[in-house]
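First comes the structure, then the notes that go with it.
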Amino acid sequence: MTVSIVDLLRDRIPPQQVIEDPAVLTAHATDASRAPAARAAVLARPASTAEVAAVVQVAASAGIPIVPQGGRSGLVGGSAAIDGAILLDLTGLDRILSIDSVDRVAVVQPGVIVADLQRAVAEHGLFYAPDPASADRATIGGTIGTNAGGMRCIKYGVTRDAVRSLEVVLADGTVERTRPATVKGVAGLDLTSLIVGSEGTLAVVTEATLALHPAPGPSRGVCATFPDAASAFEAANTIATGERLPSALEFLDEVALRGVRIIRPDLGIPEDARAWLLVVTDAHVGGSADLDHFEAAVREHGALTIARAEHPAALDELFAARRSLNAALIAVRSGTTHGDLAVPRSQLPAFAVGAERIRERLGVEISLAGHVGDGNLHPTVVFDGDDQLAVEAAHRAERELLELAQQLGGTIAGEHGIGTVKLDGLVGESSPRIRDLQRRIKAVFDPHGILNPGRKI
Ligand SMILES: Cc1cc2nc3c(=O)[nH]c(=O)nc-3n(C[C@H](O)[C@H](O)[C@H](O)COP(=O)(O)OP(=O)(O)OC[C@H]3O[C@@H](n4cnc5c(N)ncnc54)[C@H](O)[C@@H]3O)c2cc1C
């Protein structure tokens, strides 16, 4: 009699944490990308590092793939099911183990929701900087898996910059710590950085020691509209290269503003505005002077309107247009692609020109909203979802936008990852030698290819 994978898992972790209910498997089949997913064999919901290790040991001995899953808010299919795989739901490891004000670190399990950690450390007068827009759903493990970004990266960097040390379960089921959690430490190769952003292909993160900052000052900002995108990019570059570093620098283009006018007419976006910038500071001291500096820069570059928020509640109102972006684009057209790419900030104007050429040639509409402060755009092609030709043109435009980013010295994946959705684009991203090196590194970590195979590289 052959023993099923379900029985093997139930021998190692509490049986109720091994789930084969088809409804549960369907609910966990894909992520927010809705990337097509295959049928997993089973879902395991461990509650401790030891249980994660036990699941990985079962997978290793049976040669079955494992798909680590956090909040499944990913946008590239990285946690979507693989045929016959074990879905490793890490949301049960959801404890904040310690918050240390002296070392300024938090030790957390991977299933902790990012926003919960932000709130918990704020009670200690501390600040966890990574802040993807999905912070209410994304987990620490998932954001480490994708090296998530967000709006504050211009000042605080990406998730990798906040990760001091990781406890991981390796592909053979052993538990290891990547490095001591000191600020400095250069012994050996930096495997922590390698595992951050590896999308579950090298190891399963079971605990993270995360760097914290002192609580920032009150957020305030300047919001401006412009007659064209080029003026907004110039203003953004003046601000980003100036002596006063903003904590966020966000951009909306003409298509996005059209949608914002539809769903939020109360925000009074002027009819002749074709671009929008929001510049934020969270400085403790000199915040008003920062605003003066930002205001002067947007004025110098021909802003049509300028609004200034001197305290967080007022800033919240200025943020409304940016927060409504996804709904705004759907208001323009029923179908939208999910774009994420990055170019050197100096190349943003060239990217906009190239995108305009793609728009004209393919007859599509493209929104270029995003985090201009670090050159990370979310170009979105909006299209009529019922029109097959429009759908095809949109997907072609999406591919060409990614190629354009690569031609300008940029990347097809700024912060959302590669998963399965963007694998094809890797051909133009790195040389065959570099890709081969990456595959060989994967093989060292995971010789039998059980950890999230077919993703990332
Ligand atoms: C509305 C919305 C807004 C978003 N905004 C942003 C944004 O501003 N910035 C941004 O960067 N992203 C954003 N995203 C994308 C997404 O939220 C991020 O990619 C996030 O990091 C995914 O976290 P998750 O917990 O949902 O992980 P999942 O989607 O479950 O997994 C993501 C990847 O990490 C791996 N993984 C998960 N847990 C572990 C673990 N413990 N160990 C090893 N690997 C693991 C998975 O296998 C997968 O490859 C947004 C998504 C949505 C839906």
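The values are calculated or read from the model by the stated rules, or taken from the named source; none is laboratory data. Remember, it's a predicted structure, so these values are computed and weren't measured experimentally. Cβ: placed from backbone, ideal geometry, glycine included. Neighbour counts: every protein chain shown. What goes into the accessible areas is simple: the full protein's heavy atoms, side chains included, and nothing from ligands, DNA or RNA. Shrake-Rupley method; radii C 1.70, N 1.55, O 1.52, S 1.80 Å.
The residue list LEU408, ALA393, LEU341 was ranked by how far each Cα lies along the charge dipole of the stretch 333-415 toward its positive end, using unit charges on Cβ atoms, and LEU408 comes out on top.
With a 10 Å radius around each residue's Cβ, average the other Cβ atoms per peptide and rank 133-141, 403-411, highest first.
Final packing ranking: 133-141, 403-411.
Label sites at ASP83 and ALA350, each approximated as a point 7 angstrom past Cα along Cα to Cβ, lie 4.3 nm apart.
Considering helices alone, the calculated mean residue ellipticity of the chain at 222 nm is -10500 deg cm²/dmol, with DSSP H runs of length four and up weighted by -39500 (n - 2.57) and normalised per residue. Here the stretch 2-149 is treated with +1 on each Lys and Arg Cβ and -1 on each Asp and Glu Cβ, and its dipole about the Cα centre works out to around 180 debye.
Over the stretch 96-214, one equal point on each Cα, no solvent: what is log10 I(q)/I(0) by the Debye formula at q = 0.21 Å⁻¹? With no solvent term, the Cα-only Debye profile gives -1.21. Eigen-decomposition of the gyration tensor built on the alpha-carbon atoms of the stretch 188-279 gives equivalent ellipsoid semi-axes of 37, 18, 15 angstrom, largest listed first. Between ASP228 and ARG361, full extension at 0.36 nm per residue minus the direct alpha carbon distance yields a gain of 45.8 nm.
A protection proxy built from the mean count of other Cβ atoms within 10 Å ranks the segments 437-443, 258-264, most packed first, as 258-264, 437-443. One Cα centroid belongs to the stretch 345-390, the other to the stretch 135-192; the line between them spans 31 Å. Taking the three principal axes of the alpha carbon atoms in the stretch 216-326, the coordinate ranges are 38, 27, 19 Å, sorted in descending order. Straight-distance candidates among the lysines for linking to LYS422, with alpha-carbon spacing under 29 Å and chain neighbours fewer than 8 residues away dropped: LYS155, LYS442, LYS456. Based on alpha-carbon centroids, what's the gap between the stretch 213-290 and the stretch 44-86 in Å, whole number please? What the calculation gives is 41 Å, centre to centre.
A simple packing score, the average count of other Cβ atoms within 10 Å per residue, orders the peptides 66-75, 90-99, 177-186 as 66-75, 90-99, 177-186, with the highest score first. Net length available on complete extension from LEU389 to GLN407 is 3.8 nm, with 0.36 nm assigned per residue and the Cα-Cα distance removed. Value of Rg to Rh for the stretch 367-423, rounded to two decimals, is 0.99; Kirkwood radius and Rg both from alpha-carbon coordinates. Between THR26 and ALA120, the contour length at 0.36 nm per residue exceeds the Cα-Cα span by 30.6 nm.
Rg over Rh for the stretch 314-457 works out to 1.03, using Cα positions for both radii and the Kirkwood form for Rh. Here the spin labels are modelled as points 7 Å beyond Cα on the Cα-Cβ line, and at LEU191 and ASP292 they lie 5.3 nm apart. Accessible area per residue for the stretch 333-415 is 42 Å², calculated with a 1.4 Å probe on protein heavy atoms, without ligands, DNA or RNA. What the Kirkwood sum gives for the chain is a hydrodynamic radius of 23.1 Å, with every pair of different alpha carbons counted. Toward the positive end of the charge dipole of the chain, with +1 on the Cβ of Lys and Arg and -1 on the Cβ of Asp and Glu, the farthest Cα among ALA85, ALA37, ALA187 is that of ALA187. Of the GluC sites (Glu not before Pro) found in the stretch 231-284, those in coil by DSSP whose Cβ has at most 15 other Cβ atoms within 10 Å are GLU243, GLU271.
Counting only protein heavy atoms and a 1.4 Å probe, the stretch 41-162 has 34 square angstrom of accessible area per residue. Of the solvent-accessible surface of the chain, computed with a 1.4 Å probe over protein heavy atoms with every protein chain present, carbon and sulfur atoms account for 54 percent. Comparing VAL260, GLY111, GLY200 along the charge dipole axis of the chain, the residue lying farthest to the positive side is GLY200, per the Cβ-charge model.
Note that the stretch 36-43 has calculated 3J(HN,Hα) couplings of x, 10, 8, 9, 6, 7, 6, 10 Hz, one per residue in order, obtained from phi through the Karplus relation 6.51 cos²θ - 1.76 cosθ + 1.60 (θ = phi - 60°); glycine and proline are x. Ellipsoid fit via the Cα gyration tensor, the stretch 29-166: semi-axes of 28, 18, 11 Å, each the root of five times an eigenvalue, largest first. Only Lys, Arg, Asp and Glu carry charge here, each on its Cβ (+1 for the first two, -1 for the last two); on that basis the chain has a dipole of about 760 debye about its Cα centre.
Where does the charge balance sit around ALA148 when Lys and Arg score +1, Asp and Glu -1, over other residues with C-beta under 12 Å from its C-beta? Intermediate values should be presented prior to the final figure.
Numbers: positive: ARG137, ARG152, ARG160; negative: ASP131, ASP161, GLU199, ASP340, GLU415.
Taking every Cβ under 12 Å from that of ALA148, the sum is -2.
For the stretch 216-326, a crude dipole built from +1 on the beta carbon of Lys and Arg and -1 on the beta carbon of Asp and Glu, taken about the Cα centre, is about 260 debye to the nearest 20.
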